[in-house]
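The values are calculated or read from the model by the stated rules, or taken from the named source; none is laboratory data. What you are looking at is a predicted structure, and each value in this text was computed from that prediction instead of being measured. For neighbour counting, all protein chains shown are included, and Cβ atoms are generated from backbone atoms with ideal geometry for every residue, glycine included. Accessible surface areas use protein heavy atoms only, side chains included; no ligands, DNA or RNA. Shrake-Rupley method; radii C 1.70, N 1.55, O 1.52, S 1.80 Å.
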Amino acid sequence: MNEVLVISLLVLSIFGFLACGVWVGLTLAGAAWLGMELFSSRPAGDAMAITIWGAASSWTLTALPLFLWMGEILFRSRLSQDLFKGLAPWLDRIPGRLLHTNIVGCAIFAAVSGSSAATCATIGKMTIPELTRRGYPQDQIIGTLAGAGTLGLLIPPSIIMIVYGVAADVSISKLFIAGILPGMLLAGLFMGYIAIWALFNPDKIPQADRAMSFSQKLYQSRHLIPVIVLIGVVLGTIYTGFATATEAAVVGVIGALILSAVQGSLTWPVFKESLMGATRLYCMIALILAGAQFLTLSMGYIGLPRALAEWISSLGLSQFGLICALTVFFIVLGCFLDGISIVVLTMGVLLPTVTAAGIDLIWFGIFLVFVIEMAQITPPVGFNLFVLSGMTKKELPYLARVSLPMFGLMILGLLIIYFAPELATWLPRNMTM
């Protein structure tokens, strides 16, 4: 059967199911079942049962609901209020002043959340009203928040990294550690942009607050210490080999519960809401993963990955050319699908080609997170834009426009990690296993 016809049929069936309002996970499973029934001799029902059970019972996935729960607990704690109080005194004297709280705040919360939307919403609830009240330009407040919110995917623990690790059979612990330096790089690029913009537009930045002594700044930052310790413990146990990603997630949940209890925000309703919120989100992700695993199996029986790999190989692209082509491909795909769906839909098809091109799979995971970050601020399905639209009541075209500089900085960051791959591979190569 002609591969183009098969691909067209699968794509049309996926978009047809989605247009009818079918859940993404069931859409993927339905398209897979259709492909196996029409183009394979393997009984579709038997294959579906075995594949979905295998996907749902993966021990590696245990880390995902635990990190989701950790983020939900801290999301409902006083972290958001304490974060601004602790960061503001240190950032008030550099160009751009308190605009940097968007970047640093998102970077800190990303290290305990793992979700781009949760990071953007939590920090946005705190900084948007406060920065607006102080007279900072709205374009910069919203634009920098949209870009910085994507750090929730890159700075570990990251939900997307767990999904990619399962799909590509790559060490999740190494992926987590690999995201640290690129995450710091991207945060640095964002802060550099703010500083340069502020130097060229000094009249748009409000005056600094009263000066504080070093001891006063330390006192204001006292609420940040428990969170910094929690981040250090979670990442430190992974890097030293003391704990796997799943075991570190358990440490993170226990630490988040203790932190929330000490703050006085751990009530029974908060505990129940955080647990149910993490359960609902994990069930959605698990259903998508199960459907994607079945679709990957179906395409394997049809022979699509091999045919696509052979076609791409026949184009004679260099490694850089392949990365450029995949960047465009993922950005376009990100205009219509969320990050998890992008990973699970494409990995089964693309991994053979990526491996054949000699690309390190740990590095490719970081590359993938970068381009999915770009998708978070590209309409019409940019999740961060949806979050910001709900908080600010602004239209998507406006939000996309003010986020455009952040999009450009992500492309710059992607070029940097391509030409300096050690940024993504040095830490995991030297970590204790």
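Does residue 260 count as within 18 Å of residue 76 (Cα to Cα) and not in a helix (DSSP H, G or I)? In short, no.
Across segment 19-32, the qualifying residues are those that are open to solvent by 60 Å² or more (accessible area, probe 1.4 Å) and over 13 Å from residue 292 (Cβ atoms), and the one among them that is modelled with the highest pLDDT is 20. Checking 183, 192, 188 one by one, the residue that is open to solvent by less than 20 Å² (accessible area, probe 1.4 Å), modelled with pLDDT of 85 or more and out of contact with any strand residue (DSSP E or B) (no Cβ under 6 Å at 6 or more places or on another chain) is 183 and no other. Here residue 255 does not qualify as open to solvent by less than 70 Å² (accessible area, probe 1.4 Å) and in a loop (DSSP other than H, G, I, E, B). The set of residues in segment 398-433 being under 20 Å from the mean Cα position of the chain (by Cα), open to solvent by less than 50 Å² (accessible area, probe 1.4 Å) and free of Cβ contacts under 8 Å to residues at least 60 places away in the same chain consists of 400, 408. Summed over segment 44-77, the residues that are open to solvent by 30 Å² or more (accessible area, probe 1.4 Å) and either not in a helix (DSSP H, G or I) or not acidic (Asp, Glu) (or both) give a count of 18. In the condition set (1) surrounded by 14 or more Cβ atoms within 10 Å (Cβ to Cβ); (2) assigned to a helix (DSSP H, G or I), residue 203 is compliant with all but (1).
Taken as a whole, the structure leaves residue 275 outside the set of residues that are surrounded by 19 or more Cβ atoms within 10 Å (Cβ to Cβ), out of contact with any strand residue (DSSP E or B) (no Cβ under 7 Å at 6 or more places or on another chain) and not in a loop (DSSP other than H, G, I, E, B).
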